[in-house]
Amino acid sequence: MKTIITVVGLDQVGIIAGVCNLLAKHKVNVLDINQTILDEFFNMIMIVDIEDSDLDFETLNEALTSLEKTLNVKIQIQQESIFKSMHRI
């Protein structure tokens with residue numbers, strides 16, 4: 001299942017590594033990633049596939065929520081179908 005992950009926060013070393021390490025640990029495949037820094041603000045959006053993950057969607061969401069506190073960023077995860085529905089004109 002394709003899933004969208006967004007990460008926003010003040011720029012600092014280790015954000016991408018922290019998120020990607022957690023995803024790799026749980027066999028989440030990163031399909032596409034885009035990140036930018038606007039002034040001092042870090043913004044990243046990822047499209048991932050959780051089909052082969054050892055975590056279900058809700059448990060992965062909990063793991064990312066825990067990582068938020070460690071990295072001091074906001075991480076949001078949404079199923080692709082819901083993401084597309086929310087952004088339809």
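The values are calculated or read from the model by the stated rules, or taken from the named source; none is laboratory data. Every value quoted in this text rests on a predicted model; they were computed, and no experiment measured them. All Cβ positions, even for glycine, are placed from backbone atoms using ideal geometry, and neighbour counts span all protein chains on display. Side chains included, ligands, DNA and RNA excluded: accessible areas come from the protein's heavy atoms. Shrake-Rupley method; radii C 1.70, N 1.55, O 1.52, S 1.80 Å.
Taking a Cβ cut-off of under 11 Å around residue 46, the surrounding Lys, Arg, Asp and Glu residues balance to a net charge of -1, with basic ones at +1 and acidic ones at -1.
Set against the 2.2 N^0.38 Å expectation for a compact globular protein, the chain has a Cα radius of gyration ratio of 1.04. Phi angles of the stretch 58-74 translate, via the Karplus equation with coefficients 6.51, -1.76, 1.60 and θ = phi - 60°, into HN-Hα couplings of 5, 5, 5, 4, 5, 5, 5, 5, 5, 5, 3, 5, 5, 8, 6, 9, 9 Hz per residue; Gly and Pro are given as x. Mind checking which of 61, 22, 44 is farthest towards the positive end of the chain's charge dipole, using Cβ charges of +1 (Lys, Arg) and -1 (Asp, Glu) about the Cα centre? It is 44, whose Cα lies furthest towards the positive end. Rolling a 1.4 angstrom probe over the protein heavy atoms with all chains in place gives the chain an accessible area of 64 Å² per residue.
Charge tally for residue 2 (other residues, Cβ to Cβ under 9 Å; Lys, Arg +1; Asp, Glu -1): -3. On the principal axes of its alpha-carbon atoms, the stretch 24-71 has extents of 37, 24, 15 Å, going from largest to smallest.
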